[in-house]
Ligand code: HPA
């Protein structure tokens, strides 16, 4: 793992002439074209980065983009791997730890999720305040040493989340907040499962992000995370759930997400 990370970091440094990003972003389903906002300085295919995810689910390009958005140096992972692809919870570990290694001081994670809380609507955006890991697995399985016993309180950084709220306010975009439950997938949940998740305190459900948060916590990179609520979760609405529906609604929310993320990133441009 460590070897992969330093190998990838070296390749990136060589291919980007030593570009040091400040903020790392992981773009979820349907959000890949946010990367068009970048004044690109280099693009590196995941194929060239050993341990990075291979081309995945529809909507994911599988490349690392380095450059500037609103004056802030960013590293964008366009595409992610999911636990359900190969049953590996650590599928994003090398990628995330490499972002840290090349200089990222914080991360923004985005995803598509189903709404469990009936006070929100498909198309709404939700800032994640905490999560429930329903899979029973961890990307830290196999790690050794006391550092693997990671404290998961405040995993979603309050200061960064405040910045994200301000970015939404600046653009007059409503953003709700809540607890995200990680469901292993790839099948969607049953109505009974969604009912149970609601009772447990989840506001939304999705198939990504949580293992990335755990790895980032282990690697000591603060982060905030944004869900696009693409549908009511199973048994709540009357739309048949499908990945096509997820991509369609995520695409519709893309403009709002782009505005929010652009303002968010701008707020880092005058920080040193
Ligand atoms: N469940 C799980 N993952 C999802 C959903 C859902 O309803 N919508 C988008 N991603």
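A few points about this structure:
- Restricting 20, 12, 96 to those that are outside any loop (DSSP other than H, G, I, E, B), over 22 Å from residue 135 (Cα atoms) and either under 19 Å from the mean Cα position of the chain (by Cα) or modelled with pLDDT of 90 or more (or both) reduces the list to 12.
- Options 204, 225; residue that is modelled with pLDDT of 95 or more, more than 13 Å from the ligand (Cβ to nearest atom), closer than 12 Å to residue 131 by Cα and crowded, with 24+ Cβ neighbours inside 10 Å: 225
- Screening residue 70 on (1) under 21 Å from residue 248 (Cα atoms); (2) surrounded by fewer than 24 Cβ atoms within 10 Å (Cβ to Cβ) shows it passes everything except condition (1).
- Some residue of the stretch 40-49 being surrounded by 20 or more Cβ atoms within 10 Å (Cβ to Cβ) and over 22 Å from residue 153 (Cβ atoms): yes
- Qualifying residue in the stretch 187-198 (condition: at negative phi and under 15 Å from the mean Cα position of the chain (by Cα)): no
- Filter result for residue 212 (touching a strand residue (DSSP E or B) at 6+ places or on another chain (Cβ under 9 Å), in a helix (DSSP H, G or I) and within 14 Å of the ligand (Cβ to nearest atom)): no
- Of all the listed residues (230, 258, 209), the sole one being on the phi > 0 side of the Ramachandran plot and buried (at least 16 other Cβ atoms within 10 Å of the Cβ) is 209.
- Meets criteria (touching a residue at least 60 places away in the same chain (Cβ under 8 Å) and more than 15 Å from the chain's Cα centre (by Cα)) for residue 91: no
- Restricting the stretch 96-118 to residues that are in contact with a strand residue (DSSP E or B) (Cβ under 7 Å, 6 or more places away or on another chain) and closer than 13 Å to residue 209 by Cα, the residue that is farthest from the ligand (Cβ to nearest atom): 107
- For residue 191, the conditions (1) in contact with a helix residue (DSSP H, G or I) (Cβ under 9 Å, 6 or more places away or on another chain); (2) within 12 Å of the ligand (Cβ to nearest atom); (3) in contact (Cβ under 8 Å) with a residue 40 or more places away in the chain are fulfilled apart from (1).
- Of all the numbered requirements in (1) touching a strand residue (DSSP E or B) at 6+ places or on another chain (Cβ under 6 Å); (2) closer than 24 Å to residue 79 by Cβ; (3) in a helix (DSSP H, G or I); (4) at pLDDT 95 or above, residue 261 misses one, and that requirement is (1).
The values are calculated or read from the model by the stated rules, or taken from the named source; none is laboratory data. Remember, it's a predicted structure, so these values are computed and weren't measured experimentally. FYI the Cβ positions are ideal-geometry reconstructions off the backbone, even for glycines, and counts take in every protein chain you see.
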